[in-house]
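First comes the structure, then the notes that go with it.
Just so you know, all these numbers are worked out from the coordinates, no wet-lab data involved. Every value quoted in this text rests on a predicted model; they were computed, and no experiment measured them. A quick note on method: Cβ atoms are made from the backbone with ideal geometry, for glycine too, and the neighbour counts reach across all protein chains shown.
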């Protein structure tokens, strides 16, 4: 072991076990190559992997789009990436895909990538079926045979409800097998999110108290101080439940609530995730009124691209229950919204109070809650709050927070989520990607929440903590939002 010392932290690295696997050379084909996602996330992530020696030299990147760009213009956007090429044409034109096939065969022979292809569809979801169908007709989705392999990465949303999610999957499965589809949720690529699993299952001191006997409740918050901005057109047709809860929020809940998998193999982990979704208590009827708060920030209907009579929720808070042996009776409180007081994403596991206080006149409720907090953004880290004695008076207790910050501990920011996920897709490791059964289970749970007419829409001021009703939701049982 090699110890690292950073501001009071000693981190012993097991050098033989800290190995990042390197994929085989492959061709990365980005549809929507002229778009915002490619410029902001995909190309910088590929450049990062190249700088770390994790992208084989013989790999190449082919940008594909409907926008007419010269190869040199696209290369200028792909700073730090080698072997970059570009094509443009119509996604509906079979002849374009035959030309694409010929181009890929030429690049495969030049760079000796063995027929390995990763297609990333950085395009609006309605285009997925047409592109996959054309790729299949052109013979570019033959799967993992004869040393070559074709995989397809798609971005959320995976449908708008259960019916459309199933329809999308049926269209994709006309040309693809499940193991070829990589449904990306960028939250799962965040370092702190991955660390939830490591923290739970590599430390013997926490798993014994990770249950209804010791945990009072769990809070999951994804707060944004920005509004809808340039996404107004998409957002007004989706809202916070589709945008955040059906994917990011429920995945965070699953990582906290899941049972230990038999191994860290992809399907063993994903099996346990799906079990959590199946054990979520359905929200319907009175439960919707008692357990869910929806809100809309003041001025939302004046945003460019938003309908003047819009009933789209920009905030949601809810209590969920996982009906299994481990979590029966433990509430999970989730909240997310736009135009709030701060930007913060965290998961807090709050433990029960001591049953009796020895330190008169202090009562159990006077003592700080023990809380284990995973900070996902903006300052990634983990903290644990405990009670401790302050030097001086015989009885002088106060909350002490032991804090681990990634940037301070390691002297650098954690990698971007797309860096992790693109590497895993090239490696053929789907652990951090969603399986179709998980997509269907989350849509099944969220469908009652999409009928916003059944739930009163609460207005809230910008830069606030959201609607007052959200405070009442958690305060009903003597709890409060962090």
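Arranged by the count of other C-beta atoms within 10 angstrom, fewest first, what order do 245, 351 take? It would help to have the intermediate numbers written out before the result.
On the way: 245 24, 351 17.
Starting with the residue having the fewest Cβ neighbours, the order is 351, 245.
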Considering only DSSP beta bridges where both residues belong to the range 16-155, give the percentage that are antiparallel (nearest 5).
-> 5
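Taking 1 over the mean of 1/r across every pair of different Cα atoms in the range 437-482, what Kirkwood radius in Å do you get? Walk me through the numbers on the way to the answer.
Details: mean 1/r = 0.0766 Å⁻¹.
It is 13.1 Å.
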Could you tell me the largest-minus-smallest coordinate of the C-alpha atoms of the range 16-155 on each of the three principal axes, in descending order and whole angstroms?
-> 49, 35, 28
Which angle from 0 to 90°, rounded to the nearest 10, does the C-alpha axis of helix 266-279 make with the longest principal axis of the chain?
-> 50
Measure nothing but the geometry: give the 0 to 90° angle between the long axis through the Cα atoms of 128-137 and the longest principal axis through the Cα atoms of the chain, rounded to 10°.
-> 40
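Express the Stokes-Einstein translational diffusion coefficient of the range 366-482 in µm² s⁻¹, to the nearest whole number, given a Kirkwood radius over alpha-carbon pairs, 4 °C and a viscosity of 1.567 mPa s.
Working: Rh = 19.5 Å.
Value of D from the Cα-based Kirkwood radius: 66 µm²/s.
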Bin width 5 Å, alpha-carbon pairs only: give the P(r) of the range 225-317 as whole percents, running from 0 to the bin holding the largest distance.
-> 2, 12, 17, 18, 14, 12, 11, 8, 4, 1, 0
If one takes the longest principal axis of the Cα atoms in the chain, at what angle in degrees, from 0 to 90 and to the nearest 10, does the Cα axis of helix 162-172 lie?
-> 30
Structure-based [θ]222 nm, the chain - -39500 (n - 2.57) summed over DSSP H runs of at least 4, per residue, nearest 500 = -8000 deg cm²/dmol
Separation of alpha-carbon centers, the range 13-72 and the range 113-136, rounded to whole Å | 16
If the chain between residue 24 and residue 58 were fully stretched, how many nm would it gain, using 0.36 nm times the residue separation less the Cα-Cα distance?
-> 11.3 nm
Using a ≥ b ≥ c from the Cα gyration tensor of the range 242-295 (square roots of the eigenvalues), is it rounded, prolate or oblate, where a/c under 1.5 gives rounded and otherwise the larger of a/b and b/c decides, a/b for prolate?
-> prolate
In the chain, what % of DSSP beta bridges are antiparallel (nearest 5)?
-> 55
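Please give the peptides 122-134, 246-258, 289-301 ranked by average Cβ packing (other Cβ atoms within 10 Å per residue), highest first, as a rough proxy for protection.
Working: 122-134: 17.6, 246-258: 23.6, 289-301: 19.8.
Descending packing order for the listed peptides: 246-258, 289-301, 122-134.
Could you work out how much longer the chain between residue 404 and residue 234 gets when fully extended? Use 0.36 nm per residue separation minus the Cα distance between them, nm to one decimal. Before the final figure, lay out each step's value.
Details: separation 170, 0.36 × 170 = 61.20 nm, distance 3.69 nm.
Contour length minus Cα-Cα distance gives 57.5 nm.
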What's the long-distance tail for the chain, i.e. % of Cα pairs beyond 31 Å?
-> 49
Euclidean distance between Cα centres, the range 173-190 to the range 374-432, Å | 28
